[in-house]
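**Student:** Okay, handing you the structure first.
The values are calculated or read from the model by the stated rules, or taken from the named source; none is laboratory data. Here the structure is a predicted model, which means the values were calculated and not measured. All Cβ positions, even for glycine, are placed from backbone atoms using ideal geometry, and neighbour counts span all protein chains on display. Remember, those area values only see protein heavy atoms, side chains included, never the ligands or the DNA or RNA. Shrake-Rupley method; radii C 1.70, N 1.55, O 1.52, S 1.80 Å.
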Amino acid sequence: MTVNPGLALVIITITIALIFDFLNGFHDAANSIATVVSTRVLSPRLAVLWAAVFNFLAAFLLGTAVAKTIGRGMIRLDQVTQYVVIAGLAGAIAWDVLTWWWGLPTSSSHALIGGYAGAAIARASVHQGFTKAFSVIIPQGWYLTLAFIILAPLIGLVLALLLTVAGLWLMRRKAPRQVDTWFRRLQLLSAAAYSLGHGGNDAQKTMGIVAGALYTAGYMSKAEVAGNWGHFHWPIILAAHAAIALGTYSGGWRIVRTMGTKITKLKPFGGFCAESAGAITLFGTALAGIPVSTTHTITGAIVGVGAVNRLSAVRWGVAGRIVWAWIFTIPAAAIMAALVFWTMEMFYAGA
């Protein structure tokens, strides 16, 4: 039985994409569960199950606008091959694993788009020369994404700060124990909402990569990739959400510790405000098709909650280390992906 080489390459590409999606959920489990674990509202195992379920349910609620931006709005698809996609995913995976090992809550989303761009630029440098290497980039597709590296955590911070101040004023005459009891229950809802936003935003990025891979391999027409992906619509959506949900269920405990305890100390009220602010931000950006970092968003929200009490409540040294990791994520993943592509080109000319 002979195997079609083109089909085999597509299967390999999609498999690697789903592995990245799994690692995205694993790496970003902290985003969904750190606050609910650190406030002891749920045990770690119940928290990841709760988050994984809502990561998957986002498949039916938040559309595919972000996937469309990733799939055809950032890189010129006529310059993308299966090898570019594989190299981009490899660069993103390498950066994710490194930052997981270091315990840094960096953005898997930005690692993905950085890796994708780095691999495409590397291919253009080989086939068109270094002077035209950046011609594969669609600048207008990057403006909002790069702007929201700064805006997403700021929006999360401001919303969390406002929610915290409003909540403290509304609860000013209530006994602390009563407030704690109420917000332990409410935090289940805010954690669910945040997990919906996380799944809806992050799974879509892998969906866009998979759709792009099917298009470059000739299994999807230009009209289908610009529309609803034809008969691949639900298989792409369900596969991506299942992978990220399984990754979240597997957990990423090193980063949970950083997010949940090292930035600031949280109580159920603070956890509710942080998760609610993050969820509002992610719902808005997912529906608008803006690929933002769920990590940046929840980190900003946690800082906002901590800063309401006093600025010294935030461990700014840890926060600063996280910000530096954010700055380096896109270029680091791009460099890693470019190195992978150039290595592939050495063994298979014409990649």
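**Student:** Could you tell me whether region 109-120 includes any residue that is part of a helix (DSSP H, G or I), of a type in the set (S, T, N, Q), out of contact with any Lys or Arg (no Cβ under 7 Å at 6 or more places or on another chain) and buried (at least 23 other Cβ atoms within 10 Å of the Cβ)?
**Tutor:** no
**Student:** Give me the pairs: first residue in region 169-180 and closer than 14 Å to Gly270 by Cα, second residue in a helix (DSSP H, G or I) and among the aliphatic types (A, V, I, L, M), beta-carbon distance under 7 Å, and six or more apart or on different chains, which are they?
**Tutor:** Every condition considered, the pairs that remain are Met171/Val179.
**Student:** Please work out if Leu287 is open to solvent by less than 10 Å² (accessible area, probe 1.4 Å), within 22 Å of Leu144 (Cβ to Cβ), part of a helix (DSSP H, G or I) and at pLDDT 75 or above.
**Tutor:** When the stated conditions are applied, Leu287 does not pass them.
**Student:** Check Thr106, Thr99, Thr81 and return the single one that is of a type outside the set (Lys, Arg) and open to solvent by 10 Å² or more (accessible area, probe 1.4 Å).
**Tutor:** Thr81 is the lone residue from the list that is of a type outside the set (Lys, Arg) and open to solvent by 10 Å² or more (accessible area, probe 1.4 Å).
**Student:** Right, next: Condition check: at pLDDT 80 or above and open to solvent by less than 40 Å² (accessible area, probe 1.4 Å). Does Thr329 satisfy that?
**Tutor:** yes
**Student:** Pick from region 290-300 the residues that are touching a Leu at 6+ places or on another chain (Cβ under 8 Å) and aliphatic (A, V, I, L, M): which of them is most open to solvent (accessible area, probe 1.4 Å)?
**Tutor:** Top of the filtered list is Ile290.
**Student:** Here is a further query. Hey, could you check region 259-269 for residues that are open to solvent by less than 10 Å² (accessible area, probe 1.4 Å) and not in a loop (DSSP other than H, G, I, E, B) and say which is modelled with the highest pLDDT?
**Tutor:** Pro268
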